[in-house]
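Below: one structure, written as structure tokens.
The values are calculated or read from the model by the stated rules, or taken from the named source; none is laboratory data. The model shown is predicted, which means the values in this text are computed figures rather than measured ones. A quick note on method: Cβ atoms are made from the backbone with ideal geometry, for glycine too, and the neighbour counts reach across all protein chains shown.
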Amino acid sequence: MKAKNRLGLILFPAFDWAISPRHPEREERLLYTQDQLMEEGIEDIDRIEFFNPLIATDQDIERVHLAYPDVEALVSESHRIAAGGVMQAFDLVLSNKAEKSFALVRPPGHHAQRVVYGDRGFCIINNEAVGLAYARQKYGDMRVAIVDTDCHHGDGTEDIYWNDPDTLVISFHQDGRTLYPGTGPISDLGGPGAYGYNVNIPLPPGTGDEGFLYVLEHVVLPILEDYQPDLIINSAGQDNHYTDPLTNMNFSAQGYSVLNDRLNPDIAVLEGGYSIQGALPYVNTGIIAAMAGLDYSGIWEPDYHLGKWKQTDRVGQDVRSIAEAVIEIWHKKEEIAQELFRSQKKVTRQRQVYYDTAGIMEHQTQEFYLCPSCPGLDVIRSKNDQGASLVGITVPRKACPDCQTKAYELFETEQRSRVKFVLLQDQKNDRFQRATGR
Amino acid sequence: MIIGIDMGGTNIDGVVLHQDRILKTFKQPVDGSDYFASIWHCLEALIEGLDRTDIKRIQLSTTISTNAIVENKVAQVGVILQPGPGLNWSYDHFGERLKYISGSIDHRGSPVRVIDRKELRQIRDEWSDLPIDALAIVTKFSVRNPDFEHEIEKFFSNDYPDITLGHRLSGKLNFPRRVETAYLNAAVSRTFRTFAEQFQQALEQADIQAPVYILKADGGTIDLEGAIEKPVETILSGPAASFMGMKALLHENGNDRLLIDIGGTTTDLFLLVDDVPIFEPLGITINQRKTLVRAIFSHSIGLGGDSYVRFEEGQLLIGPERKGHAIAFGGKHLTPTDALVYLDRLKGERGDESREAIEVLAKEHGLSGHELAENIITKMGEMISNTVDAVLEKLNGSPVYTVRELMSDRTIKPDSIGLVGGPAEALAETIHQSLGLPIDYPADFAIANAIGAALAKPTVEINLLADTERNILSVPELGIYQTLRGSLDLATAKQFAMEQVKLAGQTMGLSKEQLDTEIVEASIFNMLNDDYGVEKNIRVRAQIRPGLLTHLQREGGYNESKE
Ligand SMILES: [Zn+2]
Ligand SMILES: [Zn+2]
């Protein structure tokens, strides 16, 4: 068998690492997936090649995250490897060692936000974001669309690219009113520098193959057509599957395969998905087949019954009206932004972030400075209920000289404020500085 | 006394070893029309004048199965597959003797959909008029649960005498390879059995009691009964014979080493890691069929002493084709051997013609004869060294699955080279230069393959899996499918695996000192069931390492290049 597309696979099941012995994110998670892939003979398909992950350094992680107290204290080797797996996925595609790549790594990353005090939704490091920042540093600027097909809202990814017009973030998820992390309404559209480039598509419980593919055809693909990204990343969570223990959706392995085929991502990254026996083995086989351009029509859960997992008409109606609302906003995003941000110098937003795994509550103020010649600086002031605090100043990659100067001045003045750490994240010069506050 | 015989593509080599010394050797061209006669003739020549009761074992590396496959002189095999859902591999090459049936087993070994007996009856009807000698039956995930394969076998047991079941051949997961392996096993089964029976009869008539072992591609041996059951294990043992021969004839230093066998047509590379051979990740490939037959890793370059040397568009090229002997040995085309003769590193039978040919070609390209000869040899060294680099890069990039392995970064880095083959001595300095490593080459390697065959010991690899939720413990290689009673921990599972491997080794005549068993991999996984109870999924891979029955006393001394 020969793949149509040269596909690089980074399969790193981390068989010796778990969050804790009974945690869903444990050694066993990719065991059956690996068994299935081996039994299917994936290793013998021409033009599919396996690669080991890289290992993300502090610098790789600090390009994205404001880590408290520092990276070393927060992450394990496994986190560095999961992020390094995605770095490898970018390397393969951008150096043309492969046409497409898929990183099957764990733990996941899409709940990890810019500030990190600990583990949220099994995530500490945002693997895709670390990979993308590494790639932009190594290969230059690029327009990227991240399509998050995990059942949970990709709130970490949303936060990281909230004000970045060069990174379009689209997240499908089970409506936040019915599922962790509770965020992700249609109305969360991005910061003043990238308004409308954060696209949330909250779906009703019970959405099936039909509904997901409807959203893909009527929302995601048209938006991508408009946006014309250089790269498409699929944040390939697999917990929309009908067997997932944590969610309530009706998506199937066949549905995931079709979605991946039509979305045609350059890079896919495993996110969540904890039906490790009933879903992951088949969904991953399907995604690999679709990415490689192979026939996936025979990939089904062995016990699949179409009738059982068909979405109801009611769900279908809801999906259609959500899709309509999202696409309407997409077309009007510039008008709304103009109205919203007219004559403002700074946009501020207050947030509370709960770290469910670590049990920490964070209070955050984000300030986005509007600049006519660049996406503008942003500043995060954060403290948590354990007495930690930090100020993070970020210079975007495309910052103008004025904004850059302003950031370095702020870095000096903030060191006189009552805060544990002041962090300067200069994405333009790939420099990270840390100082203590007063 | 041990008798070792290696039947290669052109020659058959034999050796008689007494303790650690070579007593007698034999070499003759193979009679392609009668392999049995070739082997028997070699054996008779070797034992002439010896006391037959002193023979402890007879070890054969044969091309019986390999040739049957390569020359397509195989049985007509009916293939019945139960692939379940998954990737659509094409098995069209089996033609009309291929049937798919429904029913499936999942990755845990749980039956999901059962066999439909109607389909089996239909196959029996449709095949009743087809000449079919043997059956191959393979179910996806059958190594996790062989019940369906057994059920199908039972259904057809009165229709066909030779039935191969996929799960018996390897404990590894890979359905397409299991299919090809089962097919090949069924296809050569009769040919090999005929040979084995003929050989056993001849031994009886000659009053030889010694047990017979057959060399496998993994550098180990299997007893004759085992080989009759799994003849596919006997394919492509040639490189293994050569590898084991080199191991017997060269120094051991406990480190990573590169072994190079330079032949007439090809140069074969092997690697030792901490002096232990490494294997092909899944199995060997024969006639473009990828199998689960375990094999020593080797990489073959189309470059040898008789490779065709010429210029194309101003570029000096060597190989990959061979157009016959070197001019120095009566051939018509220039070869690296001629360059070595020109440089006085080898003696040729027709040295003058050979020198002349070098000079003519050199002149056409504005070189002196000496320059061209040097260029050819240097180029050969470069080609080998570039291939070694590529092979190492590939092997060192092999996927790992644990944090420990990734962080430990165990790269293979040979610190010396062992060299055998016709031009070994003449090329030692060149290879030493291009690879920058010290070289060791034996004085006499003419019957290295027969020595390798003689000294190889039985090997077994097993893949144990235990699942405390389903209460099963399986070792497909040994046909073990047990019900588990009570709990099981990793230490107990490892101990069980070791006991089983040792038992298998002892059954094949290994003494305690010769066993050299090891756990290759062992892991235990917590499985959380629906009631949040914790069950265990345990996997252990264990083996008898391929190695030498005894170490050989080296005669004729060592040759070593200086650093
Ligand atoms: Zn999720
Ligand atoms: Zn600016």
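Might you check whether a residue that is at pLDDT 95 or above, touching a Gly at 6+ places or on another chain (Cβ under 8 Å) and closer than 28 Å to residue A:138 by Cα occurs anywhere in the stretch A:380-392? Yes, the stretch A:380-392 contains at least one residue that is at pLDDT 95 or above, touching a Gly at 6+ places or on another chain (Cβ under 8 Å) and closer than 28 Å to residue A:138 by Cα. The criterion of at least 1 residues that are surrounded by fewer than 21 Cβ atoms within 10 Å (Cβ to Cβ) and of a type in the set (D, E, K, R) is met by the following helices (runs of 4 or more DSSP H) wholly inside the stretch B:386-470: B:403-408, B:424-435. The C-beta contact set for the stretch A:146-166 (first residue within 14 Å of chain B (Cβ to nearest Cβ), second residue away from ligand 2 (no atom under 16 Å from the Cβ), distance under 8 angstrom, 6+ apart or interchain) is empty.
Considering the stretch B:319-352 alone, what residues qualify as being in a loop (DSSP other than H, G, I, E, B) and crowded, with 23+ Cβ neighbours inside 10 Å? Reasoning before the result, please.
Our first condition is that a residue be in a loop (DSSP other than H, G, I, E, B); within the stretch B:319-352, this holds for B:323-325, B:330-332, B:334-335, B:343-350.
Residues satisfying the conditions are B:334, B:335, B:346.
Please verify whether the stretch A:228-251 includes one or more residues that are among the charged types (D, E, K, R), assigned to a loop (DSSP other than H, G, I, E, B), within 16 Å of ligand 1 (Cβ to nearest atom) and within 18 Å of residue A:157 (Cβ to Cβ). Looking for residues that are among the charged types (D, E, K, R), assigned to a loop (DSSP other than H, G, I, E, B), within 16 Å of ligand 1 (Cβ to nearest atom) and within 18 Å of residue A:157 (Cβ to Cβ), one finds at least one in the stretch A:228-251, hence yes.
Based on what the data block shows, is residue A:433 closer than 28 Å to residue A:140 by Cα, surrounded by fewer than 18 Cβ atoms within 10 Å (Cβ to Cβ) and within 12 Å of ligand 2 (Cβ to nearest atom)? So residue A:433 does not fit the description; no.
Taken together, the residues in the stretch A:252-291 that are away from ligand 1 (no atom under 13 Å from the Cβ) and part of a strand (DSSP E or B) amount to 2. Per the listing A:37, A:31, the residue uniquely assigned to a helix (DSSP H, G or I) and at the interface with chain B (Cβ under 8 Å from one of its Cβ atoms) is A:31.
For (1) touching a helix residue (DSSP H, G or I) at 6+ places or on another chain (Cβ under 9 Å); (2) of a type in the set (D, E, K, R); (3) more than 14 Å from chain B (Cβ to nearest Cβ); (4) within 16 Å of ligand 1 (Cβ to nearest atom), each residue gets a yes or a no:
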{"site": "A:338", "(1), (2), (3), (4)": "no, no, yes, no"}
{"site": "A:377", "(1), (2), (3), (4)": "yes, no, yes, no"}
{"site": "A:388", "(1), (2), (3), (4)": "no, no, yes, no"}
{"site": "A:416", "(1), (2), (3), (4)": "no, yes, yes, no"}
{"site": "A:419", "(1), (2), (3), (4)": "no, no, yes, no"}
{"site": "A:433", "(1), (2), (3), (4)": "yes, no, yes, no"}
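If you check residue A:202 against the conditions, is it within 16 Å of ligand 2 (Cβ to nearest atom), touching a residue at least 60 places away in the same chain (Cβ under 8 Å), within 27 Å of residue A:143 (Cβ to Cβ) and surrounded by fewer than 24 Cβ atoms within 10 Å (Cβ to Cβ)? Criteria not met by residue A:202. Report, ordered by the first and then the second residue, all pairs with beta carbons closer than 6 Å, sequence separation of six or more or different chains, a first member in the stretch A:386-400 that is under 24 Å from residue A:167 (Cβ atoms), and a second member that is among the aromatic types (Phe, Trp, Tyr) and away from ligand 1 (no atom under 16 Å from the Cβ). Within 6 Å, the pairs are A:390/A:68; A:390/A:421; A:393/A:411. Apart from one condition, residue B:217 fits all of (1) part of a helix (DSSP H, G or I); (2) away from chain A (no Cβ under 14 Å); (3) in contact (Cβ under 8 Å) with a residue 24 or more places away in the chain; the exception is (1).
Mind checking whether some residue in the stretch A:315-332 is at pLDDT below 95 and either aliphatic (A, V, I, L, M) or within 16 Å of ligand 2 (Cβ to nearest atom) (or both)? No. Contact annotation: residue pairs with Cβ atoms under 9 Å, 6 or more positions apart or on different chains, pairing a residue in the stretch A:41-64 that is in contact (Cβ under 8 Å) with a residue 12 or more places away in the chain with a partner that is of a type in the set (Ser, Thr, Tyr), are A:42/A:285; A:50/B:398; A:51/A:101; A:52/B:398; A:54/A:134; A:56/A:134; A:60/A:134; A:63/A:134.
Do we find that residue A:342 is over 26 Å from residue B:113 (Cα atoms), away from chain B (no Cβ under 14 Å) and free of Cβ contacts under 8 Å to residues at least 40 places away in the same chain in this structure? It is true that residue A:342 is over 26 Å from residue B:113 (Cα atoms), away from chain B (no Cβ under 14 Å) and free of Cβ contacts under 8 Å to residues at least 40 places away in the same chain.
Results for (1) away from chain A (no Cβ under 11 Å); (2) crowded, with 17+ Cβ neighbours inside 10 Å; (3) not aliphatic (A, V, I, L, M), shown as yes or no for each residue.
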{"site": "B:60", "(1), (2), (3)": "yes, yes, no"}
{"site": "B:84", "(1), (2), (3)": "no, yes, yes"}
{"site": "B:88", "(1), (2), (3)": "no, no, yes"}
{"site": "B:101", "(1), (2), (3)": "yes, yes, no"}
{"site": "B:104", "(1), (2), (3)": "no, yes, yes"}
{"site": "B:112", "(1), (2), (3)": "no, no, no"}
{"site": "B:115", "(1), (2), (3)": "yes, yes, no"}
{"site": "B:118", "(1), (2), (3)": "yes, no, yes"}
{"site": "B:121", "(1), (2), (3)": "yes, no, yes"}
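Mind checking which pairs have a first residue in the stretch A:73-84 that is facing chain B (nearest Cβ under 10 Å) and a second that is at pLDDT below 95 and outside any loop (DSSP other than H, G, I, E, B), Cβ under 7 Å, 6 or more apart or different chains? What qualifies is A:77/B:403; A:77/B:407; A:78/B:403; A:81/B:403; A:81/B:406.
Which ones in the stretch A:381-409 are assigned to a helix (DSSP H, G or I), within 13 Å of ligand 2 (Cβ to nearest atom) and either on the phi > 0 side of the Ramachandran plot or touching a strand residue (DSSP E or B) at 6+ places or on another chain (Cβ under 9 Å) (or both)? So that I can check it myself, show each step before the final result.
Filtering the stretch A:381-409 down to residues assigned to a helix (DSSP H, G or I) leaves A:401-409.
Among the residues that remain, those that are also within 13 Å of ligand 2 (Cβ to nearest atom) are: A:401-407.
Result: A:403, A:404, A:406, A:407.
Please determine whether any residue of the stretch A:216-226 is surrounded by fewer than 19 Cβ atoms within 10 Å (Cβ to Cβ) and either of a type in the set (Phe, Trp, Tyr) or not assigned by TED's automatic domain parsing to the domain that holds residue A:106 (or both). Checked the stretch A:216-226: no residue is surrounded by fewer than 19 Cβ atoms within 10 Å (Cβ to Cβ) and either of a type in the set (Phe, Trp, Tyr) or not assigned by TED's automatic domain parsing to the domain that holds residue A:106 (or both).
For first residues located in the stretch A:5-26 and within 18 Å of residue A:76 (Cβ to Cβ) and within 9 Å of chain B (Cβ to nearest Cβ), partners that are among the acidic types (Asp, Glu) and buried (at least 19 other Cβ atoms within 10 Å of the Cβ) and lie 6+ apart or on another chain with Cβ distances below 7 Å form the pairs A:15/A:27; A:16/A:27; A:17/A:27; A:18/A:25; A:18/A:27.
Among the residues in the stretch B:353-367, are any within 14 Å of chain A (Cβ to nearest Cβ), part of a helix (DSSP H, G or I) and either over 21 Å from residue B:274 (Cβ atoms) or of a type in the set (D, E, K, R) (or both)? Talk me through it step by step, then tell me what you get.
We begin by selecting, within the stretch B:353-367, every residue within 14 Å of chain A (Cβ to nearest Cβ); these are none.
Checked the stretch B:353-367: no residue is within 14 Å of chain A (Cβ to nearest Cβ), part of a helix (DSSP H, G or I) and either over 21 Å from residue B:274 (Cβ atoms) or of a type in the set (D, E, K, R) (or both).
If the requirement is being assigned to a loop (DSSP other than H, G, I, E, B), assigned by TED's automatic domain parsing to the domain that holds residue A:128 and closer than 25 Å to residue A:253 by Cβ, which of these qualifies: A:184, A:190?
On the way: A:190 fails: closer than 25 Å to residue A:253 by Cβ.
Residue meeting the stated conditions: A:184.
Where strands (runs of 3 or more DSSP E) fall wholly inside the stretch B:1-86, the ranges with 1 or more residues that are over 21 Å from residue B:240 (Cβ atoms) are B:11-18, B:21-29, B:77-82.
Quick test for you: out of A:345, A:308, A:332, pick the one residue that is among the charged types (D, E, K, R) and closer than 21 Å to residue A:201 by Cβ. Break it down into steps so the answer makes sense when it comes.
On the way: A:345 fails: closer than 21 Å to residue A:201 by Cβ; A:308 fails: closer than 21 Å to residue A:201 by Cβ.
Unique residue meeting the criteria: A:332.
Here is the figure for the stretch A:333-378: residues that are surrounded by 12 or more Cβ atoms within 10 Å (Cβ to Cβ) and either at positive phi or within 16 Å of ligand 2 (Cβ to nearest atom) (or both) total 14. For the stretch A:380-406, the tally of residues that are of a type in the set (A, V, I, L, M, F, W, C) and touching a Phe, Trp or Tyr at 6+ places or on another chain (Cβ under 8 Å) stands at 5.
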